[in-house]
Amino acid sequence: MHRAFFPAAIAMTDCLIDPVRLSALLGRARGRVDAEVLAECDSSNSVLLERAAHGAPSGAVVIAERQTAGRGRRGRVWRAAAGDSLTFSLLWRFGGDISRLAGLSLAVGVALARALESCGVRGVALKWPNDLLLDGGKLGGVLIELASERGATAAVIGIGINLQPPLSNDGFALPAASLAGAGFTPDCHVLLAALLDSLIATLDVFVADGFAALREDWQARHVWQGLPVRLLDSANGENAAATVTLAEGICLGAAADGALILATADGGQQRFLVGDVSLRAA
Ligand code: BTN
């Protein structure tokens, strides 16, 4: 439907990333990221996981103009026509125990929201654990894949943000949203530079002080903060008929380790770590 308003040729021309131009726009991330643009790959996460296995350093970034097998969480597909979505991955290496990374996808959500806001996008919200929302629809998502090596962890932080309405919303519980659909058409280079700057700044805070230091900011943007929610077991897919409600309660937000906290009807509290679960309004 959107093709009538945004012809593919225009979208593609507008959003092809020139690494030299991108690098000139970087602030905090200058000298700390090394970005490569691929015209096509299966998944920018897969490319970086492979490179991480061969010793690529923190700050390696792969930007994919087109992915043939883009992935979302829980086996979903991330589908976007070339130029319609900002799709990139950042490699970051963390020392210490892998359990310290439990709140990483929430921290990344804060970084993305701050960057979008700095580019003038209003109404950005977050949904535990990895959704980026705009006007109640899914604007983007975060897929973090980890590889452990000798006491350290390489995290590939994959990010997809819809610039134009996506080709398909298969498997996602929320309706799709896009920047153009909400009337925002930021320059892609400026936006990507802001996202990388914000990610580096946020990763510095996360490494020093953990998600606890970002928690308040996350909760201020959490779409269901203080509201009744249901937590679904979605191991078989979000829309599977057999989806089971694991818990219901009032969403109290996220704990310092990134776990979701619900106040339950019996007066107690329940914690949930990121897994095969999906959060809905009750
Ligand atoms: C989700 O919402 O489930 C996460 C979507 C993450 C998609 C991005 S696009 C860039 C990177 N490469 C992938 O294959 N997936 C992530």
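The values are calculated or read from the model by the stated rules, or taken from the named source; none is laboratory data. This is a predicted model, so every value here is computed, not measured. Every residue, glycine as well, gets a Cβ built from its backbone with ideal geometry; the counts of neighbours run over all protein chains shown.
Looking only at the range 92-104, which residues are crowded, with 23+ Cβ neighbours inside 10 Å and either hydroxyl-bearing (Ser, Thr, Tyr) or over 14 Å from the mean Cα position of the chain (by Cα) (or both)?
First, pick out the residues of the range 92-104 that are crowded, with 23+ Cβ neighbours inside 10 Å: 92, 103-104.
The answer is Trp92, and nothing else.
Taking the criterion of being more than 13 Å from the ligand (Cβ to nearest atom) and over 21 Å from Leu22 (Cα atoms), the residues of the range 36-58 that qualify are Arg51, Ala52, Ala53, His54, Gly55.
Every condition in (1) crowded, with 19+ Cβ neighbours inside 10 Å; (2) within 14 Å of the ligand (Cβ to nearest atom) holds for Val110 except the one numbered (2).
Tell me, please, whether a residue that is at pLDDT 95 or above and within 14 Å of Ile200 (Cα to Cα) can be found in the range 41-51. Reasoning before the result, please.
Here is the first cut: in the range 41-51, the residues at pLDDT 95 or above are 41-51.
Next, from what is left, pick out any that are within 14 Å of Ile200 (Cα to Cα): none.
So far as the range 41-51 goes, no, none of its residues is at pLDDT 95 or above and within 14 Å of Ile200 (Cα to Cα).
Exactly one residue among Ser118, Ser148, Ser99 is among the small types (Gly, Ala, Ser), more than 14 Å from the ligand (Cβ to nearest atom) and within 18 Å of Ala213 (Cα to Cα), and that residue is Ser99.
Residue-wise test of (1) surrounded by fewer than 19 Cβ atoms within 10 Å (Cβ to Cβ); (2) modelled with pLDDT under 95.
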residue: Leu192; (1), (2): no, no
residue: Leu196; (1), (2): no, no
residue: Val205; (1), (2): yes, no
residue: Gly237; (1), (2): yes, yes
residue: Gly258; (1), (2): no, yes
residue: Ala263; (1), (2): yes, no
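All of (1) surrounded by 19 or more Cβ atoms within 10 Å (Cβ to Cβ); (2) at pLDDT 95 or above; (3) under 24 Å from Gly258 (Cα atoms) hold for Val61 with one exception: (3). The number of residues in the range 121-141 that are away from the ligand (no atom under 12 Å from the Cβ) and among the charged types (D, E, K, R) comes to 2.
Residue count for the range 120-130 satisfying the condition of being at pLDDT 95 or above and in a strand (DSSP E or B): 3. Can you tell me which residue within the range 64-89, out of those that are part of a loop (DSSP other than H, G, I, E, B) and near the ligand (Cβ under 9 Å from one of its atoms), is surrounded by the fewest Cβ atoms within 10 Å (Cβ to Cβ)? Of everything passing the filter in the range 64-89, Ala69 is surrounded by the fewest Cβ atoms within 10 Å (Cβ to Cβ).
Hey, among Val61, Val33, Val20, which residue is among the β-branched types (Val, Ile, Thr), under 15 Å from Val142 (Cα atoms) and more than 9 Å from the ligand (Cβ to nearest atom)? Being among the β-branched types (Val, Ile, Thr), under 15 Å from Val142 (Cα atoms) and more than 9 Å from the ligand (Cβ to nearest atom) holds for just one of Val61, Val33, Val20, which is Val61.
Take Ser168 and tell me if it is away from the ligand (no atom under 12 Å from the Cβ), at pLDDT 95 or above and more than 27 Å from Leu273 (Cβ to Cβ). Explain how you work it out, then say what you get.
On the way: away from the ligand (no atom under 12 Å from the Cβ): yes; at pLDDT 95 or above: no; more than 27 Å from Leu273 (Cβ to Cβ): yes.
In short, no.
Condition first: in a strand (DSSP E or B) and closer than 20 Å to Ala177 by Cα. Can you find one or more residues in the range 96-119 that meet it? For the range 96-119, residues in a strand (DSSP E or B) and closer than 20 Å to Ala177 by Cα: absent.
Can you confirm whether Ser58 is assigned to a loop (DSSP other than H, G, I, E, B), polar (S, T, N, Q) and out of contact with any Gly (no Cβ under 6 Å at 6 or more places or on another chain)? For Ser58, the condition - assigned to a loop (DSSP other than H, G, I, E, B), polar (S, T, N, Q) and out of contact with any Gly (no Cβ under 6 Å at 6 or more places or on another chain) - is met.
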